[in-house]
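First comes the structure, then the notes that go with it.
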Amino acid sequence: MGIFKKYFMPNEYVQSIFQIDIEKLAASGVKGIITDLDNTLVGWDVEAPTEEVRAWFKKANDLGITITIVSNNNEQRVGSFSQSLDVDFIFKARKPMGKAFIKATNHMQLKPEEIVVIGDQMLTDVFGGKRRGLFTIMVVPVKQTDGFITKFNRIIERRLLQHFRKKGYITWEEY
């Protein structure tokens, strides 16, 4: 297996968090979710969780799944969003380089095989999760606009997706 596939190819790829079968995750032994915030749960410019996001978090909680929001954004942004959902969070996570995935795993007191990482970026969420041996689910970004660094990441991401498609590793279509 090539190094790019090993570290950048998500285990699953879905349109949005709402296409993730939380019951199936729970039945398969998943007890924790590490999720990105901006452009994964809501658009980067949406301050508070939507009712749909609240319901998704409640469903996970009802099934015994602990969620930790791990974001590269600042404390005010991540904190106010996470606290309104009553979930733990890590801000300025420095994904994929930071120790945020280890910190979240340790805080949840779970084994890597019991955790799923959900995010919209290959270079931060997928790579960061894969480096820690975690199952990764990549979602299509909620918004098509990004900050400067993310725009750069998206260029590299598109090239990696083209490479994976050309090699026959992926079967999904870009949305």
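The values are calculated or read from the model by the stated rules, or taken from the named source; none is laboratory data. What you see is a predicted model; the values in this text were computed from it and never measured. No Cβ is skipped: glycine too gets one built from the backbone with ideal geometry, and neighbour counts run over all protein chains shown. When the accessible area is computed, the model is the full protein with side chains, heavy atoms only, and any ligands, DNA or RNA have been set aside. Shrake-Rupley method; radii C 1.70, N 1.55, O 1.52, S 1.80 Å.
A few remarks follow.
- Helices (runs of 4 or more DSSP H) wholly inside region 61-142 containing at least 2 residues that are among the polar types (S, T, N, Q) and over 24 Å from T50 (Cβ atoms): 100-108
- Assessment of region 118-130 against the conditions (open to solvent by 20 Å² or more (accessible area, probe 1.4 Å), more than 20 Å from I22 (Cβ to Cβ), free of Cβ contacts under 8 Å to residues at least 60 places away in the same chain and not small (G, A, S)) yields no matching residue.
A quick yes/no check of all residues on (1) modelled with pLDDT of 90 or more; (2) surrounded by fewer than 17 Cβ atoms within 10 Å (Cβ to Cβ):
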| position | (1), (2) |
| --- | --- |
| Q76 | yes, yes |
| R94 | yes, yes |
| K99 | yes, yes |
| A104 | yes, no |
| V116 | yes, no |
| E173 | no, yes |
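- Residue list for region 47-60, restricted to those being small (G, A, S), in contact (Cβ under 8 Å) with a residue 12 or more places away in the chain and open to solvent by 20 Å² or more (accessible area, probe 1.4 Å): A48
- The set of residues in region 1-46 being touching a helix residue (DSSP H, G or I) at 6+ places or on another chain (Cβ under 7 Å), part of a loop (DSSP other than H, G, I, E, B) and open to solvent by 50 Å² or more (accessible area, probe 1.4 Å) consists of K31 alone.
- Just so you know, in region 121-164 the residues that are modelled with pLDDT of 75 or more and β-branched (V, I, T) include one that is farthest from the chain's Cα centre (by Cα), and it is V142.
- Extreme residue, nearest to K130 (Cα to Cα), among residues of region 61-81 that are free of Cβ contacts under 8 Å to residues at least 40 places away in the same chain and hydroxyl-bearing (S, T, Y): S71
- Meets criteria (open to solvent by 10 Å² or more (accessible area, probe 1.4 Å) and in contact with a helix residue (DSSP H, G or I) (Cβ under 6 Å, 6 or more places away or on another chain)) for I90: yes
- Scan of region 86-142 for residues that are within 15 Å of N72 (Cα to Cα), among the charged types (D, E, K, R) and touching a strand residue (DSSP E or B) at 6+ places or on another chain (Cβ under 8 Å), ordered by number: D88, K95, K103, D120, D125
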